[in-house]
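For reference, the structure is listed below as structure tokens.
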């Protein structure tokens, strides 16, 4: 079972002077339970790609299936969509109901669940994102802080119990504490729901720390795809396409350039600190 | 004399509500590169909006270039001295051609048209966007749009440039474009820069960092001093950049001699020196 994209192409404003090929022959499989980070600079096609994962956009050529369900088929798409939960950038701007509870229940209601089931889902989702049901359920979403609102928006997706959770820059615009909390939430969600996570992020330090696999996009194509430690070894290539390198990989690179033989594949501060402590304390 | 002087400033958005700023005092010197950091809701943007009179104090005083911001007669003059760039690049562009947008400010100041031409060209050169003079702003990247917004401010020849989370919605490349330009304008043109941000790595080269917490100034100092107090930063909902976190860990484990370096390159150097000192390389 997986999200499978086969030879997917998409061009914006095709047949016009502004024609822009956003996706060029994309082949990508997201397996159950995987944690995939999608990186690439602005305009590389990341958001277009994830919009195809739940059938929000249809490929102009190629095919997308979710657990075998063809997303170009209207009926199957409906089923496929409930399995792929999408959280867009700044999702807090999409809250619209009178209360937090109603907003979170919107998805489950549309799935045809009973009121009791919906309420159960709401409670579960709120607990998972760290919002107390007693405190927040009956509040207006507009009385919440920015960070809380983002959690509420996330809960609205969680309440549909997706098998694949797709997050478009979930930490953007939050302060360091807010970023850490959202990251921790994503990690705990994944283990609680046993879902796969696809996360678009510009923060390489975060990607290095929590993802398992990294997919790198550049000008509408996938240019690298592999384990975190593998992809972040290719620092030169990443720099070439204008991407940042995790701080730890940058320091490790700098030490190598100065003649210290740091092993390849170290890309988190924790791993680097452990390695350096071991080396330096022996003497 | 300080170019901006904030004296015991308190500000309430609503009469009954919690004050967004309470008893803030701050002196900003001419030519300074000041960074203001703080958690969401700490009051940093509210403070920034006092620097050009967009907001005026509930109590206390704010003087910009010696002018009281609460005096309406000063309002236009103050805005001429202080250029502000905000978070969302899409909300700040008013025309459909880049150079028209940059000309919008000086036009409104009644600058003669040949002088406007000159200022627009200069401003676009300083932000590295000259070749996009005739472009349509909506076809540009976020970082480029923010550069246009900065150019629009520069064309008014301000003494002070306030970047109110101007990098928050940009990708790392866009962020670097903006911070590089801010540094250049500060060093080469002597413009006082006030940068409000949540990205701790952007403040490492500021002259001074002010840390806000719950509407108050929690503490301040040069970046080295501020980043040496990681517990206090965490307490204010912030953190240290990853390289500084590594530095602290190594020092704590006695794997690195104490250092107050905050820049990634400097820290790499310090670690390398440790290898040399211990005879490993």
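The values are calculated or read from the model by the stated rules, or taken from the named source; none is laboratory data. None of these values were measured; they are calculated from a predicted model. Neighbour counts are summed over all protein chains in view; Cβ atoms, including those assigned to glycine, are modelled from backbone coordinates with ideal geometry.
Looking at A:164, A:93, just one residue is surrounded by 18 or more Cβ atoms within 10 Å (Cβ to Cβ) and either more than 14 Å from every other protein chain (Cβ to nearest Cβ) or under 30 Å from residue B:169 (Cβ atoms) (or both), and that residue is A:164.
Looking across A:145, A:132, one residue alone is more than 14 Å from chain B (Cβ to nearest Cβ) and surrounded by fewer than 17 Cβ atoms within 10 Å (Cβ to Cβ). It is A:132. Of all the criteria given as (1) within 14 Å of chain A (Cβ to nearest Cβ); (2) assigned to a helix (DSSP H, G or I), the one not satisfied by residue B:166 is (2).
Take residue A:212 and tell me if it is touching a helix residue (DSSP H, G or I) at 6+ places or on another chain (Cβ under 7 Å) and away from every other protein chain (no Cβ under 14 Å). Taking the combined requirement at face value, the residue satisfies it.
Residue-wise test of (1) in a loop (DSSP other than H, G, I, E, B); (2) within 9 Å of chain A (Cβ to nearest Cβ).
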position: B:220; (1), (2): no, no
position: B:231; (1), (2): no, no
position: B:248; (1), (2): no, no
position: B:251; (1), (2): no, no
position: B:258; (1), (2): yes, no
position: B:261; (1), (2): yes, no
position: B:270; (1), (2): no, no
position: B:275; (1), (2): no, yes
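Hey, could you check the stretch A:245-268 for residues that are facing chain B (nearest Cβ under 7 Å) and free of Cβ contacts under 8 Å to residues at least 40 places away in the same chain and say which is nearest to residue A:203 (Cα to Cα)? For the stretch A:245-268, the residue satisfying everything is A:250.
Residues considered: B:176, B:147. Of these, the only one that is surrounded by fewer than 23 Cβ atoms within 10 Å (Cβ to Cβ) and part of a helix (DSSP H, G or I) is B:176. Candidates A:50, A:39: the one that is under 21 Å from residue A:190 (Cα atoms) and within 14 Å of chain B (Cβ to nearest Cβ) is A:39.
For the stretch A:24-34, the set of residues classified as under 22 Å from residue A:206 (Cα atoms) and surrounded by fewer than 20 Cβ atoms within 10 Å (Cβ to Cβ) consists of A:31, A:32, A:33, A:34, listed by residue number. If you go through the stretch A:37-75 and keep only what is on the phi > 0 side of the Ramachandran plot, in contact with a helix residue (DSSP H, G or I) (Cβ under 8 Å, 6 or more places away or on another chain) and either outside any loop (DSSP other than H, G, I, E, B) or at pLDDT below 95 (or both), you end up with A:40, A:55.
Run residue B:279 past the list (1) within 12 Å of chain A (Cβ to nearest Cβ); (2) crowded, with 18+ Cβ neighbours inside 10 Å; (3) part of a loop (DSSP other than H, G, I, E, B) and report the number of the one that doesn't hold. Unmet for residue B:279, out of (1) within 12 Å of chain A (Cβ to nearest Cβ); (2) crowded, with 18+ Cβ neighbours inside 10 Å; (3) part of a loop (DSSP other than H, G, I, E, B): (2). Given B:39, B:50, which one is away from chain A (no Cβ under 14 Å) and either touching a helix residue (DSSP H, G or I) at 6+ places or on another chain (Cβ under 9 Å) or modelled with pLDDT of 95 or more (or both)? Within the list B:39, B:50, the selection yields B:50.
Of everything in the stretch B:234-246 that's in a helix (DSSP H, G or I) and more than 7 Å from chain A (Cβ to nearest Cβ), which residue is surrounded by the fewest Cβ atoms within 10 Å (Cβ to Cβ)?
Quick first cut of the stretch B:234-246, residues in a helix (DSSP H, G or I) only: B:234-235, B:242-246.
Add one more test, that the residue is more than 7 Å from chain A (Cβ to nearest Cβ), and what stays is B:234-235, B:244.
Values: B:234: 14, B:235: 12, B:244: 27.
Top of the filtered list is B:235.
For the stretch A:226-244, does any single residue satisfy the condition of being touching a residue at least 60 places away in the same chain (Cβ under 8 Å) and away from every other protein chain (no Cβ under 14 Å)? The answer is yes, given that some residue of the stretch A:226-244 is touching a residue at least 60 places away in the same chain (Cβ under 8 Å) and away from every other protein chain (no Cβ under 14 Å). Kindly indicate the residue of the stretch A:167-184 that is part of a helix (DSSP H, G or I) and surrounded by fewer than 20 Cβ atoms within 10 Å (Cβ to Cβ) and also nearest to the chain's Cα centre (by Cα) among those meeting that condition. Filtering the stretch A:167-184 for residues that are part of a helix (DSSP H, G or I) and surrounded by fewer than 20 Cβ atoms within 10 Å (Cβ to Cβ), the one nearest to the chain's Cα centre (by Cα) comes out as A:183.
All of B:155, B:166, B:182 fail the test of being surrounded by 21 or more Cβ atoms within 10 Å (Cβ to Cβ) and more than 30 Å from residue B:235 (Cα to Cα), apart from B:155. Candidates are the residues of the stretch B:184-215 that are out of contact with any strand residue (DSSP E or B) (no Cβ under 7 Å at 6 or more places or on another chain) and away from chain A (no Cβ under 13 Å); the one that is farthest from residue B:129 (Cα to Cα) is B:205. Note on the stretch B:122-143: among residues that are touching a helix residue (DSSP H, G or I) at 6+ places or on another chain (Cβ under 7 Å) and in a helix (DSSP H, G or I), the one that is surrounded by the most Cβ atoms within 10 Å (Cβ to Cβ) is B:123.
The residues listed here are B:35, B:2; of these, the one that is part of a loop (DSSP other than H, G, I, E, B) and within 18 Å of the chain's Cα centre (by Cα) is B:2.
Taking residue A:184 as the residue in question, decide whether it is under 22 Å from residue B:239 (Cα atoms) and out of contact with any strand residue (DSSP E or B) (no Cβ under 8 Å at 6 or more places or on another chain).
Considered against the rule, which asks whether it is under 22 Å from residue B:239 (Cα atoms) and out of contact with any strand residue (DSSP E or B) (no Cβ under 8 Å at 6 or more places or on another chain), residue A:184 comes out as yes.
Residue A:271 - would you say it is under 28 Å from residue B:177 (Cα atoms), part of a helix (DSSP H, G or I) and either within 14 Å of chain B (Cβ to nearest Cβ) or out of contact with any strand residue (DSSP E or B) (no Cβ under 8 Å at 6 or more places or on another chain) (or both)? Against the criterion (under 28 Å from residue B:177 (Cα atoms), part of a helix (DSSP H, G or I) and either within 14 Å of chain B (Cβ to nearest Cβ) or out of contact with any strand residue (DSSP E or B) (no Cβ under 8 Å at 6 or more places or on another chain) (or both)), residue A:271 does not qualify. Would you check which residues across the stretch A:5-36 are outside any loop (DSSP other than H, G, I, E, B) and farther than 24 Å from residue A:170 by Cβ and list them? Answer for the stretch A:5-36, where residues must be outside any loop (DSSP other than H, G, I, E, B) and farther than 24 Å from residue A:170 by Cβ: A:6, A:7, A:9, A:11, A:12, A:20, A:21, A:24, A:25, A:27.
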